[in-house]
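The values are calculated or read from the model by the stated rules, or taken from the named source; none is laboratory data. Given the structure is predicted, the values throughout are model-derived calculations rather than measurements. Note: accessible area is taken over every heavy atom of the protein model, side chains too, but ligands, DNA and RNA are not part of it. Shrake-Rupley method; radii C 1.70, N 1.55, O 1.52, S 1.80 Å.
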Amino acid sequence: FESVELSLAAGKVDSLLGREYRGQDADTRLGVTPSLICRYTCGRPLGLRARLVGVDVPFTAALGVANGSSGVELFPLSSELDDNAVKTVSGRLSYTLPLADGLELGASGMVGAQDLQTDDGTVHWQVGADLHWAWGDLELAGELVKGRADGRTSPGGVACDEAQCLEYLGAYGWVAYRLFHWLTPYTRLDGRSALHRHGASFVYVSELLRATVGLRSELGEHVIVKAEYTFVRELGEVPDIDDDVLTSSLVVRY
């Protein structure tokens, strides 16, 4: 097409939710750890995806149909194989404004039958908004996500005993500045409020706020060294835990 570029993909496709999935591999991720909402948005589901990118107009539109949600594989509400007949549909729209080197604004969403259960009417949905702005060596990004997995409860049973229930709201924002061509300091603030239940098996309550500071050093084209410290604070009625984390990574790419 003259006005748009169309790309199609089938198999284990990238997520269409938000933008963090674009930089989740070790060499492309800014820091060491993912955000608190990456578990909901960074998966690679099994399905089909179509993406339109404007040639003259700076927009992107994408639509995907998959067996399951865009949660990461280790998340207990994610599965590549369907236990029900209803697929999961996701999509994203974005537009880039000509502010400095570009301000991209995006909105995304997902809806479908919940994974790991057989009822077609048990729904898992998610909506979100994101932004990315670059100005010379300065770069900012942020994302907000809200979602719900309905779950199922047997007659007279404990809540969510037949299928897990989940409600979540989370966000992150980060700032990075390329101080030298080989050194980039960065900071990120992220938080999450989530309630995850499965009958009498467990109730998981997450009310967290994290602040991360770090350094990324690219030593030539093939070696990346990262180090970061994360301050973690439990909120609400959950007692604060001594769980701050200092971590680092060495990445070699070819």
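Tell me, what is a quarter of the convex hull surface for the C-alpha atoms of segment 35-86, in nm² with one decimal? Kindly include the intermediate steps, with their values, before the conclusion.
Details: hull surface 19.0 nm².
The orientation-averaged projected area of the Cα hull of segment 35-86 comes to 4.7 nm².
Here the accessible area of the chain is 63 percent carbon and sulfur, with a 1.4 angstrom probe and all protein chains present. The base-10 log of I(q)/I(0) for segment 78-120, evaluated at q = 0.20, 0.27 Å⁻¹, reads -0.66, -0.90 [Debye formula, identical scatterers on Cα atoms, solvent excluded].
Accessible surface for the chain, divided over its residues, is 52 Å² per residue with a 1.4 Å probe.
Give the value in nm², to one decimal: projected area of the alpha carbon convex hull of segment 187-254, averaged over all directions. List each step's numbers first, then the result.
Values: hull surface 26.9 nm².
That works out to 6.7 nm².
Translational diffusion coefficient of segment 158-218 (Stokes-Einstein, Kirkwood radius from Cα pairs, 4 °C, 1.567 mPa s): 92 µm²/s. Per residue, the average separation of C-alpha pairs within less than 8 Å and at least 6 apart gives segment 108-181 a relative contact order of 27 percent. Quotient of the Cα radius of gyration of the chain and 2.2 N^0.38 Å, N being its number of residues: 1.08.
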